[in-house]
Amino acid sequence: MLLVRLYPATWRARYGAELEALILEASAGGRVPWRTRADVVRAAARERVHAALGGSAPDRVRASASVVLWAWAAFVVAGVGVQKYSEHWQSATPAGSRELPAAAFDALVVTAGIGSVLVLAGIAATVPSLAALLRAGGWPRIRRPVTAALVLAATLVPATIGLVLWAHRLTEAQRNGHDALYTGIGAAWGLLVLATLVGWTRAATATAAHLDLPPAVLRLEARLAAALAVAMAVMTAATAVWWASLAAAGTVSSLAPQLVVAGVLMLLATVVAAGAAGRGLRAA
Amino acid sequence: MARENDPPLLILTSLASGPKHGYALQQDIEAFAGVRLGPGTLYGAVARLEERGLIEPAGPAGRRRPYRLTAAGAESLETTIASMRAIVTEGSARLARAGVALAGGLA
């Protein structure tokens, strides 16, 4: 219903179906009176102002956790860039200069694992609310983003298997830029990975907007989001130390474009996540 | 007197007799207060009351989800009613005195 679409998305996700039912019942299934339309338009405007000023505490926690999740997705993209660049750094670095970058790189990898566990814990904590939503017939409300994410994942799995099988038949030179077809398909696969990451992040945040999360779960989500922001800060610092120590050893350029782009993206994602996590903790 | 400018109070009063969904709230409020809250006004107030922990859903999510008073909501309603009762008592007493004075003046 067009009238209900005037409300902010979060409000609509929570009360939209009920409001629409009331409008239809109050209009006895006939034409919606102008007085009712005007009332809904006024109320929707008030909700937009309320949302702009911060919304309810649960909405603020949900919104901040969603921002942190999007920041994490951006961070993962940057991390893949660093990982791709760092594939052969140990063999290219003199043995005497490996200790510090190795420690920084280990810290990066371990913290990346911790960050992934935090994300999974945040998702796991919402499972009872998701089950309640599905039992209450909420599937149509989340069908579109979840189906899109599933289709992307279902495309990515065979594409990855095919690419890996193909890569095993190629020489190292062909795998490293000397086969135009492999390079082009590899780039397309990278875009598919990116689309899948975006698709699942969108599915998770869109689903979260429809969930009734108990206060204890909201507090947990706020803390997990804050811990994830801290993990991102640690990873950004570890990447900077790794990069600077390799640059000092002459292994990489201090202005390597791929690392500059990845580093800037990591830093931006960390700043955004830290700000959002702080807002979530204050609201929880 | 119907208090059109106080939808939260009307909703709390309605829910004092038991859980109701949106349409039942609208009908009940119209019956006891003579005020027909528009759907937007009603759900705006429902959202604020739920945000403040004064009401809560009494059933699963759905198009006709009922709401009920929480303990904090019942306490808030009692406080408001006590405050209104004090105003009513004082107003009645003053009107009575004014009535006597007015009657004396006319005599």
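Read the figures in this text as sums done on the coordinates, not as results from a lab. Keep in mind it's a predicted model, so treat the numbers as computed, not measured. For neighbour counting, all protein chains shown are included, and Cβ atoms are generated from backbone atoms with ideal geometry for every residue, glycine included.
If you find the alpha carbon centre of region A:222-284 and of region B:12-60, how far apart are they in angstrom?
When both Cα centres are located, 47 Å separates them.
For chain A, restrict the atom set to alpha-carbon positions and state the Rg and Dmax in Å.
In order Rg, Dmax, the Cα atoms of chain A give 23.5, 82 Å.
To test your reading of the geometry: what angle, between 0 and 90 degrees and rounded to tens, separates the Cα axis of helix A:215-249 from the longest principal axis of chain A?
20
Ignore the peptide's own chain and count Cβ atoms of other chains within 10 Å of each Cβ in B:42-55; give me the average, rounded.
5
Rounded to the nearest 20 debye, what is the charge dipole size of the protein assembly as shown about its Cα centre when +1 sits on each Lys and Arg Cβ and -1 on each Asp and Glu Cβ?
The dipole magnitude comes to about 900 debye.
Quick one: net charge around A:LEU163, please, counting Lys, Arg +1 and Asp, Glu -1 for every other residue with C-beta under 13 Å from its C-beta.
Around A:LEU163, the charge tally is +1.
Which of A:ASP106, A:ASP39 comes first, and how do the rest follow, when ranked by fewest Cβ neighbours within 10 Å?
A:ASP106, A:ASP39
Arranged by the count of other C-beta atoms within 10 angstrom, fewest first, what order do A:TRP242, A:TRP70 take?
A:TRP70, A:TRP242
Determine the shape class of region A:4-52: with a ≥ b ≥ c the square roots of the Cα gyration tensor eigenvalues, call it rounded for a/c under 1.5, and otherwise prolate if a/b is greater than b/c, oblate otherwise.
Cα axes put region A:4-52 in the oblate bin.
For every other residue with a beta carbon closer than 10 angstrom to the beta carbon of A:SER64, add +1 if it is Lys or Arg and -1 if Asp or Glu, then tell me the sum.
+2
From the residues A:VAL49, A:ALA121, A:ALA38, which one has its Cα farthest along the dipole of region A:1-133 in the positive direction, the dipole being from +1 and -1 charges on Cβ of Lys/Arg and Asp/Glu about the Cα centre?
Of the candidates, A:ALA38 comes out farthest on the positive side.
By the scheme Lys and Arg +1, Asp and Glu -1, what is the net charge of all other residues having a beta-carbon under 11 Å from that of B:GLY18?
That works out to +1.
Can you give the mean number of other chain Cβ atoms that lie within 10 Å of the Cβ atoms in peptide A:12-18?
5
Is chain B best put as rounded, prolate or oblate by its Cα gyration tensor, with a ≥ b ≥ c the root eigenvalues, rounded for a/c under 1.5, and otherwise prolate when a/b is larger than b/c, oblate when not?
Cα axes put chain B in the prolate bin.
Counting other C-beta atoms within 10 Å, which of A:TRP139, A:TRP89, A:TRP11 has the fewest, and how do the rest follow?
Lowest to highest Cβ neighbour count: A:TRP139, A:TRP89, A:TRP11.
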